[in-house]
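I'd like to ask some things about the structure below.
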Amino acid sequence: MTSKSDFNPCRKAIPKVRELGDDALNALIAREPDYGRVVCRCEKVTEGEISEAIRRGAITLDGIKFRTRAGMGRCQGNFCGAKTIAILSRELDQPLRGITKKGDHSPLVNGERSSTRRTPPSTTIRDS
């Protein structure tokens, strides 16, 4: 095993907005506005927390979930999942199709959005 020259054994944790008091939160948002944009409402996870997790090595949706709890709340990512995928795509400079849930064999986006929508079959009312 080789030692890393840039290893920092005292790395600070990602700030958790849900655990900060008002003064600390306001100071953090003034310094980094992304911490003021809530992405996951259930777990109160902000765009700043997600971006920081990506800078620290998260490259999948599960990586974000593990580091921030985004997608672990009551809705199980139904509200924040798409926004989290978009942030991953932007921060990693990858197309949406390149973002995965857990790794190479778990794509989240399989194709392009269709511009045509299926219309429901028409219903008729019959007189009896």
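Roughly how many whole Å is it from the C-alpha centroid of the range 1-37 to that of the range 71-86?
The range 1-37 and the range 71-86 have Cα centres spaced 21 Å from each other.
Could you give the radius of gyration (one decimal) and Dmax (whole number) of the Cα atoms in the chain, in Å?
Rg then Dmax for the chain, in Å: 20.0, 84.
Please list, in chain and number order, the residues 5+ apart from residue 39 or on another chain whose amide H is under 5 Å from its amide H, with Hs placed from the backbone.
Answer set, sorted by chain and number: 45, 46, 47.
Now for a different question. Taking a cut-off of 17 Å between Cα atoms, list the aspartates and glutamates near residue 16, but don't count ones fewer than 8 places away on the same chain.
32, 34, 43, 47, 49, 52
Rounded to the nearest 500 deg cm²/dmol, what is the calculated helix-only ellipticity per residue at 222 nm for the chain, with -39500 (n - 2.57) per DSSP H run of length n ≥ 4?
My calculation for the chain gives -9000 deg cm²/dmol from helical runs alone.
Related question: In percent, what relative contact order does the chain have, based on Cα pairs under 8 Å that are 6 or more apart in sequence?
After rounding, I find 17 percent.
Straight-line reach only, C-alpha to C-alpha below 22 angstrom: list the lysines that residue 101 could link to, leaving out same-chain residues fewer than 8 apart.
Straight-distance partners of residue 101: 44, 65, 83.
Let me have the relative contact order for the range 1-54, percent, based on Cα pairs under 8 Å that are six or more residues apart.
Details: 40 pairs, mean separation 16.4, N = 54.
Contact order relative to length: 30 percent.
List residues of the range 37-63, by number, whose backbone nitrogen lies under 16 Å from a label position 7 Å along Cα→C-beta of residue 106.
Only 58-63 fall inside the zone, counting backbone N under 16 Å.
Among 60, 42, 105, whose Cα projects farthest towards the positive end of the dipole of the chain, with charges put on the beta-carbon of Lys, Arg (+1) and Asp, Glu (-1)?
Working it through, the farthest residue towards the positive pole turns out to be 105.
Lone cysteines in the chain, defined as no other cysteine's Cβ under 4.7 Å from theirs: which are they?
If one checks each Cβ against the other cysteines of the chain, 10, 42, 75 turn up with nothing under 4.7 Å.
Read-outs: derived from the displayed coordinates by stated rules, not from any lab. The structure displayed is predicted, hence computed values, not measured ones. Every residue, glycine as well, gets a Cβ built from its backbone with ideal geometry; the counts of neighbours run over all protein chains shown.
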